[in-house]
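The values are calculated or read from the model by the stated rules, or taken from the named source; none is laboratory data. Note that the structure is a prediction, hence the values are computed from the model and not measured. Cβ sites come from the backbone with ideal geometry, for glycine too, and all protein chains shown count toward neighbours.
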Amino acid sequence: MTLALVYDGGCPFCRQFALAAELTGGIPLLELRDGRADHALRAALKARGLNLANGAVLLEGEQAWHGADAIAELCRRLAPSGPLLDLLRGLFSEPHRAKRIYPLLLLARRMALHWKGLPEDPDQNRGMA
């Protein structure tokens, strides 16, 4: 079954993590989906209570993980071939630790989006695009 990571493509940190997970994470069939660019996907996730503004989403069939849970699940599945993903796997593969650290990732995302002039919530500018 395909595993899909829905991330905020406007955030450079999110994009780099997603690309690293795909390229060197050792997860077969990992599909990356830029939630900022895919309005229909974002709307479908929001209808399920999974707001991209509050964190990445990991999908496997009907199962969905959001925010810290998504990163923890993805990190548990990683078989990293590089030091950065190895470090992230160690930090985030344990759900309780991921929940404590994840707010720092959201802060970094918020700062990066602000620096790029993008809204934290991709739906804020939907009418402008």
Discussion item. Need the failing condition index for His39 against (1) touching a residue at least 24 places away in the same chain (Cβ under 8 Å); (2) of a type outside the set (D, E, K, R); (3) crowded, with 16+ Cβ neighbours inside 10 Å, just the number.
Written reply: (3)
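Look at Ile101 and say whether it is within 23 Å of Glu31 (Cα to Cα) and among the β-branched types (Val, Ile, Thr). It would help to see each step written out before you state the result.
Values: within 23 Å of Glu31 (Cα to Cα): no; among the β-branched types (Val, Ile, Thr): yes.
So Ile101 fails the test.
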Response to the item:
Reported set for the range 72-94 where residues are touching a strand residue (DSSP E or B) at 6+ places or on another chain (Cβ under 8 Å) and not basic (Lys, Arg) is Ala72, Glu73, Leu74
Discussion item. Could you tell me how many of the residues in the range 1-52 are in a helix (DSSP H, G or I), more than 12 Å from the chain's Cα centre (by Cα) and farther than 15 Å from Leu88 by Cβ?
Written reply: 9
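Per-residue answers, yes or no, for (1) among the acidic types (Asp, Glu); (2) closer than 17 Å to Asp121 by Cβ:
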| position | (1), (2) |
| --- | --- |
| Val6 | no, yes |
| Arg15 | no, no |
| Thr24 | no, no |
| Ile27 | no, no |
| Arg33 | no, no |
| His39 | no, yes |
| Leu59 | no, no |
| Glu62 | yes, no |
| Trp65 | no, no |
Practice prompt. Might you check whether a residue that is in contact with a Lys or Arg (Cβ under 8 Å, 6 or more places away or on another chain) and surrounded by fewer than 20 Cβ atoms within 10 Å (Cβ to Cβ) occurs anywhere in the range 90-109?
Written response: yes
Practice prompt. Tell me, yes or no, whether the range 53-64 has at least one residue that is assigned to a helix (DSSP H, G or I) and within 12 Å of the chain's Cα centre (by Cα).
Written response: yes
Item to complete: Of the conditions (1) closer than 14 Å to Ala4 by Cα; (2) small (Gly, Ala, Ser); (3) modelled with pLDDT of 90 or more; (4) in a helix (DSSP H, G or I), Ala108 clears all except one; give me its number.
Response: (1)
Worksheet item: Hey, among the residues in the range 65-89 that are over 12 Å from the mean Cα position of the chain (by Cα), without any contact (Cβ under 8 Å) to a residue 60 or more places away in the chain and in a helix (DSSP H, G or I), which one's surrounded by the most Cβ atoms within 10 Å (Cβ to Cβ)?
Response: Arg89
